[in-house]
Amino acid sequence: MKKALSLILALVMALSLAACGGGKTETPSDSNTPADNTSAEPTKLSLILRGGTYADVIKECLPAFEAEHNVVCEVQELSEGDLYSGIALDAINDKGSYDLCMVDGSWMAEFTENGVLANLTELGYSLDEDVIPATTAICYVGDDLYLAPYYGNVTVLLYNKANVEAAGYTGDTILSLEDMLAICEKAKADGKLGFIYRGDSQNNLVVDFLPILLSYGGWVIDSNNQPTVNTPEFKDAMNFYLKLIATGSAQVKDDLIASCDTGAGTMGVGWPGWYTPTADTAADYCAITGAVAKGGETHNANVYGVWTIGIPSNSQNKELATELLSYLMDKDVQKSTVPSGGVPCRYSSLQDAEILKTYPQYEVVCKALEGGMYRPVIAEWTQFYTILGAEMDNIVNGVKTVDQGLADAQSQLEALMK
């Protein structure tokens, strides 16, 4: 099993510089001072986390835990690709370097199949009923819990308010893909960028497209985990996407956010972890409704990017790591992170009346989290999106037609999934 993980790791390490941007930094938490009421040497816990807001909201919670438990928490913050590689490489070499890790939901099948994660049920941890049930779908193997859904990332439509209003819309009236296209075409006619997409990696190209695909009633695999790429639904979605992205351009994440904030660009698929709008910000986000045409059939078009937390199976401090995980998942501790951009997968945070007064967009996030879709939970997902993303890139850049590119992707994916 570890050989299979090693092969996938080699592929991802080769791609990691292009995936999601950002290098790695190693930063201790803000307070490494042990509690004054003990003379014992503090225990060191090592955390490997996704860099950005996802790690920031965890780091701000650590000083209280450190003081209470006489612990020093060392935090390593990594890009998505480097985070995957760091966890996987440590498991392959059985180093036991980390005590708590942040895991993307799409890695779950691969990591549990290869024994990377500790069984949280056996460690005495369980989820409470305040956690939004749909976000826990990938956290279990049978009845055993391996991950806890910590950060409620889910796709949203990030947009510039002024550009949308110039086209005669508001966030509340963007009800279909056709509305999105109309707004973006108006922005292009006004000399601005319309739809902005991330074309900097195969993963980002695929993920940004998934809400469009879902709106057309398509998906990338069937119930038997066989690819469903060369289908009428996928072709229709791809043809629409080509029209949509023709109104704008490809940009990396930070430029996409800046474009929507300044009004140089109009909209793009985003995530709550990127941007926290308030009443006076130039940009906002809304749900992608899942309808192609206004009044047409509606599908679930919300794609999860939930960041979960777990404990590596080779952790040297499992008992203390379980206490830390329990503390970070506490509903009051999680609620305290909202002003800093935290997005708990909890009703008590996302439906809190006081929070919604300041951050009304969390009502949208809550609804999206209640009915979201995880990317396929298959051990081959890294290879799957690499193949699909490469062929989508060929289509976007005119190297292949939609029919040819999807047919080639289908044949390669069928070979992968045999």
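Residue selection: Thr266 fails the criterion of being free of Cβ contacts under 8 Å to residues at least 60 places away in the same chain and either under 27 Å from Val338 (Cβ atoms) or outside the structural domain of Tyr327 (by TED's automatic domain parsing) (or both).
Considering the range 45-109, the qualifying helices (runs of 4 or more DSSP H), each wholly inside and each with 1 or more residues that are more than 21 Å from Ser336 (Cβ to Cβ) and assigned by TED's automatic domain parsing to the domain that holds Gln334, run over 80-93. Only a single criterion out of (1) modelled with pLDDT of 95 or more; (2) surrounded by 21 or more Cβ atoms within 10 Å (Cβ to Cβ); (3) among the hydroxyl-bearing types (Ser, Thr, Tyr) is not satisfied by Ser249, namely (2). Counting only helices (runs of 4 or more DSSP H) wholly contained in the range 287-377, the ones carrying 1 or more residues that are of a type in the set (D, E, K, R) occupy 318-328, 331-335, 353-358, 362-370. Among the residues examined, Leu158 does not qualify as in a loop (DSSP other than H, G, I, E, B) and modelled with pLDDT of 95 or more. Screening the candidates Gly296, Gly305, Gly263, Gly270 for the property of being at pLDDT below 95 and under 20 Å from Gly248 (Cα atoms) yields one hit, Gly270. When Ser85, Ser79 are checked against the criterion of being farther than 19 Å from Ala321 by Cβ, surrounded by fewer than 23 Cβ atoms within 10 Å (Cβ to Cβ) and out of contact with any helix residue (DSSP H, G or I) (no Cβ under 8 Å at 6 or more places or on another chain), a single residue qualifies: Ser79.
Across the range 321-341, the number of residues qualifying as touching a strand residue (DSSP E or B) at 6+ places or on another chain (Cβ under 8 Å) and either surrounded by fewer than 19 Cβ atoms within 10 Å (Cβ to Cβ) or within 17 Å of Thr136 (Cβ to Cβ) (or both) comes to 6.
Against the conditions (1) in contact with a His (Cβ under 8 Å, 6 or more places away or on another chain); (2) not aromatic (Phe, Trp, Tyr); (3) not in a loop (DSSP other than H, G, I, E, B), Gly217 satisfies every one except (3).
The values are calculated or read from the model by the stated rules, or taken from the named source; none is laboratory data. If you're wondering where the values come from, they're calculated on a predicted model, not measured in any experiment. When we count neighbours, we look across all protein chains shown, and the Cβ atoms used for this are built from the backbone with ideal geometry, even at glycine.
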